[in-house]
Amino acid sequence: MRPQLKKQIHKMEIKKIFNSDSRNIRALVMVFALLTICIFFHIATNGIFLSPANITNLVRQSSIVGILAIGMLLVIVSGNIDLSVGSMVGFLGGIASLFFMKQGLNLWVVIMLTLAIGFIAGCLQGALTAYLRIPAFIVTLGGLLIFRGSIMAIMKGETISISNEFQIFGGGFLTFTTSCILIFVAILFYSFYIFNQRKIKKQFSLKHSSIAVSILKITSLCFFLAFFLWIFTHNNNQTEVHPIITPIAVPSESPLATLPEYTNAANASSIASDDRAIPIPVVIMIVLALIVSFISKFTIFGRRIFAIGGNAEAAWLSGINIKFNTMLVFGLCGLLSAVAGIVYTARLGSAAPDAAAGYELYAIAACVIGGTSLMGGRGTIFGAIIGALIMASLDSGMSILNIEPFYQNIIKGAVLILAVYIDVASKRKK
């Protein structure tokens, strides 16, 4: 009887991981809402909104909020909140620029130091919340002020411009060939995941998709990725600010035009402007989303986080170390804030003491709009990314229509309240 009971428990665990009809319905609703917003703004802006140039700018803009939302989602799922991520983006971006431009450290050393500082800062906030039992709202509100004040004191009100080598993380693009290889690898991995998922469900007699549906999913992904590759390669936005790689143009008869330095710089700028496809910030966001999604779904740590947010008392009774795991969640959020800080600073081309002010609200809004429960225990990485895209779409569409900033804030606030109401209403029905 014991092996049979063990098999039954294993079946229940597999069912909990894969049998997600309600989450799929919610995901479809969010995608439909995003498409509705895009179509509305495309019509209202006379075709500007869905132009390749604007879509490229939109996804690059949403990538920073998306990275923050990934970290914020885990914190909210654990039943906490982090109000300091916006200030951490400005603080860590400023620290990175100081290390790189003022101290002259190697770029990769700068990145590793910045990530380490972000993780340690997040863990400190998590330790204060978990071990000293100070409410996360108060700890991170204090962190918001501390990080913002610290970078103002360190930079002394100065704006630090960064070099082209750093700017590649925020303003760079993969080449067309590299993008095609990356897409091919992504399709292979997705195909393996789909068929392996189907095999596991079939093994435990769970409801599973047919071969035709599985092939349809893979084909849909192929068309989706091919469409966005076409969008990125047909971006002809002349007003966009790129990393400073183009040399000053000199007449062809000038002696300067024959110098090897000028010729190499001109060739490099030509390659950078013509042979480019997927934006690097988008690649960073997608890779992080896949990694954290895997951690949240298929690792013990991820399941513990959802258990803590769902019912902390039951999690404690089952032997989960709530304090240590809570500290790690805040550390992971700090680490992702460091990544966002690097991308944000690289995208702007400079670091300023007031950088990323208010981004913590965008990250929270992206999570909530994406279906994350503020009560904890429920949320998906995919939903957070869709939420970030919805926020970016609202920003972009209203800016193109020249809507006054105060009206934009009112509309975004109303959307956030509506998202929370939908979450509360769905819980009441259950």
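The numbers here are math on the coordinates, done by the rules we state, and not lab data. Keep in mind that this is a model prediction, so the values were computed, not measured. With ideal geometry, Cβ positions are generated from the backbone for all residues, glycine too; neighbour counts draw on all protein chains shown.
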At R0 = 22 Å the Cβ-Cβ FRET efficiency linking A116 and I168, nearest 0.05, sits at 0.55
For 130-140, 68-78, ranked highest to lowest by mean beta-carbon neighbours within 10 Å, the order is 68-78, 130-140
Protection proxy (average C-beta count within 10 Å per residue), highest first, orders 141-150, 36-45 as 141-150, 36-45
Taking a crude spin-label model, label points 7 Å out from Cα along the C-beta direction, the I215 to N321 distance in nm is 5.0 nm
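At most 15 other Cβ atoms within 10 Å and a DSSP loop assignment: could you name the trypsin sites (Lys or Arg not before Pro) in region 186-222 that fit? Don't jump to the answer; show the numbers that get you there.
Values: sites: R198, K199, K201, K202, K207, K217; in loops: K207.
For trypsin sites (Lys or Arg not before Pro) across region 186-222 that sit outside H, G, I, E and B with at most 15 neighbouring Cβ atoms in 10 Å, the list reads K207.
What ranking, highest mean first, results for peptides 283-292, 382-391, 185-194 when packing means the other Cβ atoms within 10 Å averaged over each residue?
On the way: 283-292: 17.5, 382-391: 25.6, 185-194: 13.3.
Highest to lowest by the protection proxy: 382-391, 283-292, 185-194.
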The simple spin-label model distance between A186 and A414, using points 7 Å out along Cα→Cβ, in nm, is 3.4 nm
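Among K207/K323; K199/K323; K297/K323; K156/K323, which pairs are too far apart, with a Cα-Cα distance over 26 Å?
Exceeds cut-off: K207/K323; K199/K323; K156/K323.
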Ranked from fewest to most other Cβ atoms within 10 Å of their own Cβ, W108, W230, W316 fall in the order W108, W230, W316
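Return C333, C222 ranked ascending by Cβ neighbour count within 10 Å, so the fewest neighbours appear first. Write down the numbers at each step before the final one.
Working: C333 33, C222 16.
Final ranking by Cβ density, sparse to dense: C222, C333.
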